[in-house]
């Protein structure tokens, strides 16, 4: 078997410059010719395992970082960002994007960071994602929302609790009581009007609101166990992310705590087997694992264990105004989770009008890619019948090319059947003659023709 080889020109060039060496000097240190090193640095020759070892021995080169993505989403993510209508007139080709990422990854990463953190700020400042949230999203994307150490620890703990017998909530409560001297109390909503969970270390009590449904009670108890028993793993992941802001670190920590809680309720191997056996039947999975619909939806985005991968789902949670409050691309790299504007033709909005139903939708984007999505409306945790009900639409989706195993997609020709043509919000969509269009796309001049009125209020120049 031959050596594993990778292209890493910019990384090698950075090492050489930090060592203040010429190409000839470094080539001599690596026992290769200067011309070969020059080709490596310019991405024209691969970096062999032999050279990687020599770089590590002689320059302290961290080979582990070679597999890390400089740009969240990698090449596909960079292409997706550059497909924005604002760049349509530049004619940027796929090969050019690949060359940019290979030759100047740092500048590509800077562009992606600017784009993700507020690329639309000049158009709609209120819609730009908060910097702290954007930083956490980048960290989650880097891991594809799969944290193997947390999954392994949660699966091990789940097996222990399963041997203890009884329901999961009961065994978690017993473990908190016997191992950590923490009792659980369910308190009336008027005692905790603005909290769903409160861990009082002084009183050695975990207090949960009576408004929490059974699945949410189990989840909150599991989250408390995560804070205690998975602290080392979670702290290591937070430290490794190297956030500039403390708020980002805390948000990421909360995500990891909740990740562990979901993994404890839906242990990886058992959950993946159930997914395969049921055709990813979300409602059946919800009942089988005593989880909420949103918890199951999120769990689907995490199934990326090496050698035991599930389908590459994304998850999106939106409110009635289409604003996204949760979005995980997972391994799907779907553009449908990007931005904060949604196409009104997409079934994610229809779910609000059909409570209790899972609304399936086959959609097609402008680039011809198809996605099979399932959306269902859910009540906010702790929501009651009084006052204005807080509801969200939770959507999971997968590339139509791999959606055939889904029970919800059976009988559908995913690549030939008519699909709902949607865009990524009006400002990023260049479909003409759309009756739902509320504003023209960015980068396209408006066109006015005397005596004519199209089906759309905005007529604009095409490609």
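Would you please classify the overall shape of the range 374-463 from the alpha carbon gyration tensor, given that a ≥ b ≥ c denote the square roots of the eigenvalues, rounded means a/c under 1.5, and beyond that prolate means a/b larger than b/c while oblate covers the rest?
Oblate shape, in that a/c is at least 1.5 and b/c is the bigger or equal ratio.
Taking a ≥ b ≥ c as the square roots of the Cα gyration tensor eigenvalues, with a/c under 1.5 meaning rounded and otherwise prolate when a/b beats b/c, else oblate, which class fits the range 230-348?
It is oblate, given that a/c is not under 1.5 and a/b is not larger than b/c.
Just how far, in whole angstrom, is the range 187-250 from the range 320-392 if you go by their alpha carbon centroids?
Centre-to-centre (Cα) distance: 26 Å.
So in the chain, what percent of DSSP beta bridges are antiparallel if you round to the nearest 5?
80
At 222 nm, what helix-only mean residue ellipticity would the chain give, in deg cm²/dmol to the nearest 500, using -39500 (n - 2.57) for each DSSP H run of four or more?
Here the helix-only value at 222 nm equals -12500 deg cm²/dmol.
Need one number: % antiparallel among DSSP beta bridges in the range 148-265, to the nearest 5.
The antiparallel fraction comes to roughly 45 percent.
Students often get this wrong: which residues of the range 356-380 have the backbone nitrogen under 19 Å from the point 7 angstrom along Cα-to-C-beta of residue 416?
Under 19 Å, as judged by backbone N against the label point of residue 416, lie 362-364, 369-372 of the range 356-380.
By average Cβ neighbour count within 10 Å, what is the ranking of 294-303, 38-47 from highest down?
294-303, 38-47
Tell me the label-point distance for the pair residue 245, residue 453, using the 7 Å Cα-to-Cβ offset, in nm and rounded to one decimal.
Label-label distance for residue 245 and residue 453, simple model: 4.6 nm.
Output the peptides 134-142, 51-59 sorted from most to least packed, where packing is the average of other Cβ atoms within 10 Å over each peptide's residues.
Put in order of decreasing packing, that is 134-142, 51-59.
So for the chain, what are the equivalent ellipsoid semi-axes in whole Å, largest first, each being the square root of 5 times an eigenvalue of the Cα gyration tensor?
Those come to 39, 34, 21 Å.
Shape of the range 148-265 from its Cα gyration tensor (a ≥ b ≥ c, root eigenvalues): rounded if a/c is under 1.5, otherwise prolate when a/b > b/c, or oblate?
oblate
No lab work stands behind these numbers, since they all come straight from the coordinates. The structure displayed is predicted, hence computed values, not measured ones. For neighbour counting, all protein chains shown are included, and Cβ atoms are generated from backbone atoms with ideal geometry for every residue, glycine included.
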